[in-house]
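Everything on this sheet refers to the single structure shown next.
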């Protein structure tokens with residue numbers, strides 16, 4: 001299977017290169033000039049000439065220029081500008097002028113051929129004959145060039161990939177490593193009661209080993225096929241593959257920042273649940289295995305209804321930023337390789353409630369009231385293709401409406417070209433301990449903020465995001481969102497009934513963008529903010545009682561889940577990167593990500609991740 005896809009990719013790439021080479025060759029062979037020569041403002045002396053052919057270019061004061069301008073205005077033989085005028089105040093090269101003469105010749109011949117010769121007067125025919133004589137060499141050259149370009153254009157059209165589909169490809173190579181925060185042991189010294197039955201003294205400190213992380217060379221490739229059937233619609237299909245997954249995944253990824261809450265609540269102090277903060281955009285490849293298996297990462301269809309309503313139907317990989325304007329970010333590129341290093345730096349985490357690449361189906365609408373105001377609303381069911389009922393051992397189910405879902409609404413306001421902001425509301429449902437944030441954003445506790453950690457949660461989120469383009473070379477954008485998490489009453493695995501509970505989750509960030517830093521096409525970026533983290537988490541009754549209460553083995557002896565975290569702190573995210581445009585299609589981006597207090601505790605060492613990313617666009 002891999003060999004087949006490898007052949008397809010190579011064949012597609014070869015065709016693309018062949019087509020580009022053909023076009024470039026045609027342009028190079030023709031050498032068609034596109035620059036308008038400026039009028040000289042100097043005081044250089046000019047020699048008298050007796051024929052227009054003695055000029056290297058044609059000036060607006062020449063009789064030939066005036067003659068052509070008269071023909072243009074009378075017969076409309078050149079319509080290169082929106083108002084149909086020729087703009088006769090600029091000098092033209094002789095080849096440009098000859099192209100204009102040729103157009104007027106064709107127009108006059110057309111009038112004569114259609115028996116409307118009476119529209120062409122004798123003086124104009126005389127003028128055209130004289131122009132033909134003066135520019136005979138240039139006219140012959142222009143006609144020959146046009147013929148050759150038409151032949152090559154026909155060849156390209158006959159061999160093109162598709163008459164309706166465009167291919168947009170992206171390949172990422174990333175050299176990345178954990179520069180600090182690994183290869184050490186963390187001791188959680190806070191002594192809290194732990195459940196009866198754990199084979200350890202109830203007040204013992206817990207030691208967590210963070211293994212040494214090594215430098216990796218990661219890759220990800222995306223092939224985006226964009227098809228239009230009417231010119232006002234777009235069918236988007238994405239094939240993708242990668243080899244380096246999210247942090248702290250069983251099949252790979254960096255490992256750092258052990259979770260003190262999960263450690264105290266799990267049998268034997270299992271630290272497998274570590275933070276996923278610091279995920280980079282190339283870690284996203286549609287939920288596929290991390291062995292470069294090619295699969296369908298996204299499939300949606302976008303179309304317009306009238307002039308104001310835009311609709312996006314998402315079949316695979318549905319995400320809210322597919323239909324919601326996220327113009328409040330200076331570099332949101334759908335987790336691509338042209339913007340920030342991290343997913344956190346791309347956009348507000350409120351767009352990632354319960355949705356994720358490789359899964360999710362739904363619909364999104366955007367209604368444009370005016371150029372300044374629009375309203376968007378959408379719904380995504382994460383496991384819409386699985387009709388089974390979600391149960392404790394199979395949570396990836398529920399169909400379109402009864403499993404994990406996310407609904408979002410946004411009012412977008414753009415009072416000027418340099419300022420835009422949005423007010424956002426999200427409602428999401430996460431059954432049986434499924435994480436709240438996808439794309440692995442936030443601390444472990446932020447994704448499962450209520451005890452018991454496998455409870456089903458409803459989340460109401462409120463957010464604000466905005467962008468101010470201060471100047472063409474400097475922009476500032478930011479976001480903040482607050483989430484109110486609530487759980488229903490339920491029963492633990494051991495049979496203990498518990499009441500509902502609640503938690504608060506907060507995240508915010510600010511980003512500075514420096515477009516064209518150093519040269520055109522470059523981009524400098526700085527991101528500072530807080531990954532989604534819990535500010536309050538109430539333990540439901542009777543699980544807040546002493547674990548020594550008879551028949552209450554699930555109790556943890558505290559009403560505040562945060563009390564299990566010693567040295568609580570805000571998990572800040574600091575990021576800096578510089579995208580250097582080597583060519584129009586090759587970008588080199590070095591950068592660094594600094595995570596303070598991973599998993600909300602200062603006992604975890606700060607993590608510093610260094611990355612050198614190369615992005616190839618084709």
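The values are calculated or read from the model by the stated rules, or taken from the named source; none is laboratory data. Keep in mind that what you see is a predicted model, and the values were worked out from it rather than measured. In this analysis, Cβ positions are derived from the backbone assuming ideal geometry, glycine residues included, and neighbour counts consider all displayed protein chains.
Observations
- The C-beta contact set for the range 397-410 (first residue on the phi > 0 side of the Ramachandran plot, second residue surrounded by fewer than 18 Cβ atoms within 10 Å (Cβ to Cβ) and not in a strand (DSSP E or B), distance under 6 angstrom, 6+ apart or interchain) comprises 399/387.
- Test: residue in the range 511-528 that is in contact with a helix residue (DSSP H, G or I) (Cβ under 7 Å, 6 or more places away or on another chain) and in a strand (DSSP E or B): no
- Residue 554 being outside any strand (DSSP E or B), more than 21 Å from residue 492 (Cα to Cα) and modelled with pLDDT under 95: no
- Looking only at the range 306-328, and only at residues there that are more than 23 Å from residue 296 (Cβ to Cβ) and touching a strand residue (DSSP E or B) at 6+ places or on another chain (Cβ under 6 Å), the one that is surrounded by the most Cβ atoms within 10 Å (Cβ to Cβ): 328
- Test: residue in the range 449-457 that is touching a helix residue (DSSP H, G or I) at 6+ places or on another chain (Cβ under 6 Å), over 27 Å from residue 602 (Cβ atoms) and in contact (Cβ under 8 Å) with a residue 24 or more places away in the chain: yes
- Scanning the range 395-419 for residues that are assigned to a strand (DSSP E or B), in contact with a strand residue (DSSP E or B) (Cβ under 7 Å, 6 or more places away or on another chain) and surrounded by fewer than 21 Cβ atoms within 10 Å (Cβ to Cβ) yields 407, 409, 411, 413, 414, 419.
- Search result, residues across the range 368-394 that are touching a residue at least 12 places away in the same chain (Cβ under 8 Å), farther than 24 Å from residue 237 by Cα and part of a strand (DSSP E or B): 368, 373, 374, 375, 391
- Scanning the range 475-496 for residues that are assigned to a strand (DSSP E or B), more than 20 Å from the chain's Cα centre (by Cα), in contact (Cβ under 8 Å) with a residue 24 or more places away in the chain and farther than 19 Å from residue 349 by Cβ yields a count of 2.
- The residue that is nearest to the chain's Cα centre (by Cα), counting only those in the range 432-446 that are surrounded by fewer than 24 Cβ atoms within 10 Å (Cβ to Cβ) and assigned to a helix (DSSP H, G or I), is 433.
- With respect to the conditions (1) within 20 Å of the chain's Cα centre (by Cα); (2) farther than 21 Å from residue 461 by Cα, residue 510 falls short on a single one, namely (2).
- Against the numbered list (1) touching a helix residue (DSSP H, G or I) at 6+ places or on another chain (Cβ under 7 Å); (2) in a strand (DSSP E or B), residue 599 comes up short only at (2).
- Looking at 345, 339, just one residue is out of contact with any strand residue (DSSP E or B) (no Cβ under 6 Å at 6 or more places or on another chain), modelled with pLDDT of 90 or more and in a loop (DSSP other than H, G, I, E, B), and that residue is 339.
- Set side by side, the residues 313, 355 differ, and just one is part of a loop (DSSP other than H, G, I, E, B), more than 12 Å from the chain's Cα centre (by Cα) and in contact (Cβ under 8 Å) with a residue 12 or more places away in the chain, which is 355.
- Residues of the range 288-298 include at least one that is part of a loop (DSSP other than H, G, I, E, B) and either under 19 Å from the mean Cα position of the chain (by Cα) or crowded, with 24+ Cβ neighbours inside 10 Å (or both).
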